[in-house]
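For reference, the structure discussed in these notes is given below.
The values are calculated or read from the model by the stated rules, or taken from the named source; none is laboratory data. If you're wondering where the values come from, they're calculated on a predicted model, not measured in any experiment. Cβ placement follows ideal geometry from the backbone for every residue including glycine, while neighbour counts extend to all protein chains displayed. Just the protein is used for accessible areas: all its heavy atoms, side chains included, with ligands, DNA and RNA removed. Shrake-Rupley method; radii C 1.70, N 1.55, O 1.52, S 1.80 Å.
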Amino acid sequence: MKVALRYQELFENRHNNADEADRQAMLSEIGVKSVEELISQTIPSAIRRGQSLNLPPAQTEFQFLDEFKKLASQNKVYKSYIGTGYYDTFTPNVILRNILENPAWYTAYTPYQAEISQGRLEMLLNFQTLIIELTGLEIANASLLDEATAAAEALHLLHALKKGAKAKADTFFVSDRCHPQTIDLLHTRATPIGVKILVGDHRTIDLTNENIFGALLQYPATDGAVFDYSDWIASAHELDIKVVVAADLLALTLLTPPGEMGADVVVGSAQRFGVPMGYGGPHAGYFATKDEYKRQMPGRLIGVSVDAEGNRALRMALQTREQHIRREKATSNICTAQVLLSVMAAAYAVYHGPEGLKKIAQRTHALTQLTALALKGLGYEVLTEAFFDTIRVKVADESVVKAATEAAEINLRYFGDHTVGISFDETKTYPDAVQLIGIFSTLVSKSVNLDEVESALSWEFNEVLTRQSAFLTNPVFNTHHSEHEMLRYLKSLENKDLSLVHSMISLGSCTMKLNATTEMIPVTWPEFGKLHPFAPKDQAAGYQTLFKNLNDWLCEITGFAAMSLQPNSGAQGEYAGLMVIRAYHEARGNTHRNIALIPASAHGTNPASAVMAGMKVVVTKTDENGNIDLADLKAKAEQYSENLSCLMVTYPSTHGVFEESIIEICQLIHEHGGQVYMDGANMNAQVGLTSPGTIGADVCHLNLHKTFCIPHGGGGPGMGPIGVAAHLAPFLPGHAVVSGVGGDQAISAVSAAPYGSASILTISYAYIAMMGGEGLTHATQTAILNANYIKARLEPHFPVLYVGSQGRCAHEMILDCRPFKQSAGIEAEDIAKRLMDYGFHAPTLSFPVAGTLMVEPTESESKAELDRFCDAMIAIRNEIAEVEAGEADKSVNVLKMAPHTQSVVLVDSWNRPYTREKAVFPLPYVKASKFWPTVSRIDSAYGDRNLICACPPLEEYATAE
Ligand SMILES: *Cc1c(COP(=O)(O)O)cnc(C)c1O
C-alpha cells in the first residue's frame, strides 16, 4: 500500500530501453553479468567521475508540464514593435500542427539518404525558389543559422573571391544602418581572418579606398529607411567592390529586389514567414548569390537530378565541396542549419502564395503609413521618408514614451538619441495602430482625425523602388491555398520521408534518440514563442530562470564553471570556444599562439572552425587502433610549443572508443601552454559517468540536438552551447544589444540573438528535469549497453573497427564494409541503400573512415528494435554472401539495384535475376509494415553537371512537363 501511495511513473522508463528481462538477455549476449561490469570494461577508471550527478529530483511528465507552465507564465507577452530583424507572425495552424508539432517532420535527419527524404527535399527546393525569386538572384542555399551569421558568411565568400587589384584589400564596409547585432557579429568574424570592418554612412563613404573589397547594406535599413541602392552598387562594382544586401523578405514582395539593383549576395532571415520569434530563434537565415559563385557558397544546396529509372529526384548538390571534405581549406563550418524552419517558411509561402504575401505586406505597410501620417499630424517628427514597415520618430523623452507604451503592454525600439522605432508586422491590425496612435496623442495632448489620415494614404514608393517583376509563379505556390489542399500537400511530402516515427536511425555521431512529446509541447507555447529577443529583460523572467537552471545543470553535467547558451549549432559552439581560447591567450599577451592541433579523424567542422578563428591547423596522426598517435602528438606539441593555441579532441573518439591516454593528452597540451577544446558531440557516452571537466578539458560544446533531445528537424535547428573552465569564463561571448550576457571581458557575439535559439532550450530543459541525475546516468549506461549489444550480434558478420582495451565500444561502433568491395563488388553505400528496402535509415556512411558504417543506437531503442536492425544487417550480409558465392549476379543484385520503389517492382514484365518478393519484402516484418522509398538510386553526378536548384517558373513549366 505504502508503495502504491507514492508510485510515480518515471519518465526515464519511457526514454530509456528499460525492460529488465531484455536487459538481462542483452548482457548475456554481450557476455557480462551486469551493466556496471560492462561500463567498467568500457570507461577507463581514471576518468570516472567521483560523484553522481547532483540535479533536482526527476519530475514526471505531468508534473513537469505543470511546473513549467508556471515558469512560462513569468514571461510577459507584449505587443512587439521592436523590429530590428524580428517580427511577430502568424504560424498558419495547418503548418503549426502538421510540421512544427509533427514528429514525422521534426525527427527526420539531414537528407543525406535522399531516396527516403524526397518530401523535405521538395520543400527545401521550394525554399530556395522562394529566396531566389524574392531576392532576384540566381541561386540560394537551404538555410543558414541566422541573418547575422549569413552576413558573415557573405563576408567570408567575398574575402575568398578577392583577386587582381583587390587581392590584398582587407576592408569590408558596413553601412551604419545595418542591424546592430549584425554589425557586432561581423566584427567577431572579421577580426581573426584579418579583415577590418569599416562602419559608416553609405551616402558619404569614399569607396575609392583601395582597401575595400566588399560592402554590406541593409534593405530596408534598420531604422526603416528604404534606399534605392542601384547607383551605389553600380559605382561599387566599377571599383571592383562586391556588395551584399541584407534584405527583409516581406518587404521584397513590394520592393524592387536587391538582385535587380545589382547586389552580388543577398542575405537575411526567413523568420517572419510563419516562424515564431522565440526570444531569438530558431529561424532560417537565407543566402542567395550569383550563379558564378555557387561553388563557393556556404551551407547546403538542394538540387534536381534523376534516379536510376530516369525519374526526377532531389538530393543535396555539390556534396564534394562540403565542409567536411575541404576541412582546413574550408571557408565555412556550416553543418547543422535551420531545415525545419526553412521548411516552415517555404510552407508559409506555398500556403499564402504570391498574392497572399503581397496582401500581408500591403496591410503591414498601410498600417505603418497610417501611423506615420497620424504621428506627423500630431506634430511628431517622423525621420523616415521612404519606408516599408518601420519608422523612426523623434520624441521629447524616451522614458516617458516607454512608460506609457509598456503600461499598455507594448514594446517599441529605443535608439537612445530621443528617437524611437516602430515596426509593424503581419499580426498587427487597424485597432492596434489606433491604440498606438492614441498613446502618442495622449503624450502631447493633441488629437488627430484618423479618417482624414486614412484618405491621405498612398503607395508612396517611387517607381524605381516598386517591385515590377513577378515572383513565385510556379504552380506549387499557386495551388495549395485552401486548407484541405495544403493539408494533403504537406501529408504527401511527409509520407515520402523516413524519420524516427518509422524506425531507429542509428547515425553514429548524430545521436538520434527519443524526442519526447512532453519535451516538445512547450516549444509552441506563446509564452516562449512570442517574445522578441530584445524585449526588456523584466518581461522575460521565465526565460531568465530557464537559462540559469539550464546553465547550472549543464555545468554539473560537464564539470565546468560556466556556460554560454549563445552558439546555435555545434559548429558555432566550436567557433565560439576557439574564439574564447584566442581571447584568453591574447589577454595574457600571447597573441602569437595560433596553432590548433587536430587529429586526422576529427569531424570536418573542427578544422573549418579553427581556420575561421584565425588558427593554423596542424593535423596529428591516429594509430592503427584508431587512437590519437601519442608519439606524433608529443612531437607536434613540442615542435609548435611556442605557438600552440589548442588541441581539438573528440571524446570518446570519433571511432567510438574511450581512449585511455586522454588525461595524459590533456596534461601534455597544458604543459605546452595550450588549451584543450573537447568536441562534445559524443557527450551521450559521458553524462553521469565522466565529464569533460573531469578529463581535464578547458572548453567543450554540447550538441543539444544530439545528447539533449532537441530533434534534428531534418538538418536543424540545433543548439551548441559551450562550457568552460573558470579561467575562460570571463571571455564568454556578449551581445551588442542585450546587456548582462557573457563574461566581463566578453568576446563579441557569435550569434544574432543573445541566447541563440532560445525557444528550443525548453526541450533540453524538459529532458534534464524529467530524467534527473540518475535517469541521465542510466541513459548513458543504456546507450553503451545498446551499442555493445549490437556489436555482439553483428561482430560475427561484420568486422568491427576499433574497440577499447577490453574489447568494448562506447556508445557507437564502426562496421567495416571495405572487404566486401573486394569479395563481392559491394560498397558501404550499397548496404546503406539496401537498408531502405528493409525500412531503415543507414548508419553514418564513410565517417570517420571511408567505406564503413558507424552505428549509434542510443538508449531509446528497445531490444526488439535493435534486433530488427541486426536481423536486417545480417540478412544483408547473407545477400552479400550470395554475390561472393556467385549465386547472385555481380551487378544486377538486390544490393546494387537498391532501393526498390513500387514503380520498379509493380511491372508486368520483371526481368531481374532475383524475385520481387526478395527485393521489397526481404524479411517477414517488412511485409507487415512497409516503408516505400519513392525514388530509386539517385545519380548525384548527373545533377551536379546540370545544376538546377529551384522550381521552374511558370513560363518554363509548360515546356518542362
Ligand atoms: C555533429 C557534429 C559536429 C557539428 O555539429 P553541428 O551542430 O552539426 O554543427 C561536430 N563534431 C562532431 C563529432 C559531430 O558529430
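The lysines within cross-link reach of Lys69, meaning a Cα-to-Cα straight distance under 23 Å and a gap of 8 or more places when in the same chain, are Lys79, Lys530, Lys537, Lys548. Between the C-alpha center of segment 574-621 and that of segment 549-573 there is a gap of 19 Å.
Residue separation of Ala21 and Ser891 scaled by 0.36 nm, minus their Cα-Cα distance, works out to 308.8 nm of gained length.
Could you check the spin-label model distance between Ala396 and Glu381? Points 7 Å from the Cα along Cα→Cβ, value in nm. A separation of 1.5 nm, rounded to one decimal place. For the chain, a simple Cβ point-charge model (Lys and Arg +1, Asp and Glu -1, everything else neutral) yields a dipole of about 600 debye relative to the Cα centre.
Applying 1/(1 + (r/R0)^6) with R0 = 56 Å to the Cβ-Cβ distance of Leu198 and His797 gives a FRET efficiency near 0.35. Among Asn786, Tyr914, Ala875, whose Cα projects farthest towards the positive end of the dipole of segment 774-931, with charges put on the beta-carbon of Lys, Arg (+1) and Asp, Glu (-1)? The residue sitting most towards the positive pole is Tyr914.
Can you give the relative contact order of segment 774-931 as a percent, counting alpha carbon pairs under 8 Å and 6+ residues apart?
On the way: 211 pairs, mean separation 39.3, N = 158.
Result for segment 774-931 is 25 percent.
Using a Debye calculation, one point per C-alpha and no hydration shell, please list log10 I(q)/I(0) for segment 625-684 at q = 0.13, 0.16, 0.17, 0.22 Å⁻¹ in order. The computed values of log10 I(q)/I(0) come out as -0.32, -0.48, -0.54, -0.87.
So what is the 222 nm mean residue ellipticity for the chain from helices alone, if each DSSP H run of at least 4 adds -39500 (n - 2.57) and you divide by all residues, rounding to the nearest 500 deg cm²/dmol?
On the way: 34 runs with 361 residues, N = 961.
The per-residue figure over the chain is -11000 deg cm²/dmol.
Here segment 796-825 and segment 138-174 have alpha carbon centers that stand 42 Å from each other.
Where a ≥ b ≥ c are the square roots of the eigenvalues of the C-alpha gyration tensor, would you call segment 719-758 rounded, which needs a/c under 1.5, or, failing that, prolate if a/b is larger than b/c, or oblate?
Details: a/c = 2.36, a/b = 1.27, b/c = 1.85.
It is oblate, given that a/c is not under 1.5 and a/b is not larger than b/c.
Just how far, in whole angstrom, is segment 650-669 from segment 487-544 if you go by their alpha carbon centroids? First find each Cα centre; the distance between them is then 33 Å. Close amide-amide hydrogen proximity is noted between Thr622 and Ala600, Asp629, each under 5 Å apart and 5 or more residues distant or on a separate chain (H modeled in the peptide plane; Pro and chain starts excluded).
For the chain, the solvent-accessible area of protein heavy atoms averages 34 Å² per residue (probe radius 1.4 Å; ligands and nucleic acids excluded).
Here the spin labels are modelled as points 7 Å beyond Cα on the Cα-Cβ line, and at Val905 and Tyr7 they lie 4.4 nm apart. When only alpha carbons of segment 608-727 are considered, Rg and Dmax amount to 14.7, 43 Å. Taking each residue as 0.36 nm, the span from Ile663 to Ala404 lengthens on full extension beyond its C-alpha to C-alpha distance by 87.3 nm.
So which of Lys621/Lys821; Lys491/Lys927; Lys706/Lys863; Lys166/Lys329; Lys290/Lys496; Lys896/Lys930 end up more than 28 Å apart, counting from Cα to Cα? Please report the intermediate quantities before stating the final value.
Values: Lys621/Lys821 26 Å; Lys491/Lys927 23 Å; Lys706/Lys863 21 Å; Lys166/Lys329 21 Å; Lys290/Lys496 31 Å; Lys896/Lys930 20 Å.
From the list (Lys621/Lys821; Lys491/Lys927; Lys706/Lys863; Lys166/Lys329; Lys290/Lys496; Lys896/Lys930), the Cα-Cα distance tops 28 Å for Lys290/Lys496.
Near Lys162: Cβ cut-off under 14 Å, other residues only, Lys/Arg at +1 and Asp/Glu at -1. The net charge is +1. Diagonalising the gyration tensor over the Cα atoms of segment 561-651 and scaling each eigenvalue by 5 before taking the square root yields semi-axes of 22, 18, 10 Å, largest first. In this Cβ point-charge picture (+1 for Lys and Arg, -1 for Asp and Glu), segment 774-931 has a dipole of about 220 debye about its Cα centre.
The equivalent ellipsoid of segment 774-931 has semi-axes of 30, 19, 11 Å, largest first, where each one is the square root of 5 times an eigenvalue of the Cα gyration tensor. Taking a ≥ b ≥ c as the square roots of the Cα gyration tensor eigenvalues, with a/c under 1.5 meaning rounded and otherwise prolate when a/b beats b/c, else oblate, which class fits the chain? Prolate. Normalising the average separation of contacting C-alpha pairs (under 8 angstrom, six or more residues apart) by the number of residues puts the relative contact order of segment 621-769 at 15 percent. With all protein chains in place and a 1.4 Å probe, the accessible surface of the chain carries 50 percent carbon and sulfur.
Each Cα pair under 8 Å and six or more residues apart adds its separation to the average, and for the chain the resulting relative contact order is 20 percent. To check you understand DSSP bridge types, tell me what percent of the beta bridges within the chain (both residues inside) are antiparallel, rounded to 5. The antiparallel proportion sits near 55 percent.
For segment 882-946, chymotrypsin sites (Phe, Trp or Tyr not before Pro) meeting the loop criterion (DSSP other than H, G, I, E, B) and having at most 15 other Cβ atoms within 10 Å: Trp910. For Ala562, the residues whose amide H sits under 5 Å from its own are Val724, ignoring neighbours fewer than 5 places away on the same chain, with H placed 1.01 Å from N. Charged neighbours of Tyr219, selected by a Cβ distance under 10 Å, balance to -1 (K, R count +1; D, E count -1). A simple rule links phi to the HN-Hα coupling: the Karplus curve 6.51 cos²θ - 1.76 cosθ + 1.60 with θ = phi - 60°, which for segment 474-479 gives 4, x, 4, 8, 10, 10 Hz, with x for Gly and Pro. Annotation for segment 823-912: trypsin sites (Lys or Arg not before Pro) lying in DSSP loop with at most 16 further Cβ atoms inside 10 Å of their Cβ are Lys890. Within 11 Å, Cβ to Cβ, of Cys817, how many net charges do the neighbouring residues add up to if Lys/Arg are +1 and Asp/Glu are -1? Residues near Cys817 contribute -1 overall.
Applying both filters, DSSP loop and at most 12 other Cβ atoms within 10 Å, to the GluC sites (Glu not before Pro) of segment 879-960 gives Glu887.
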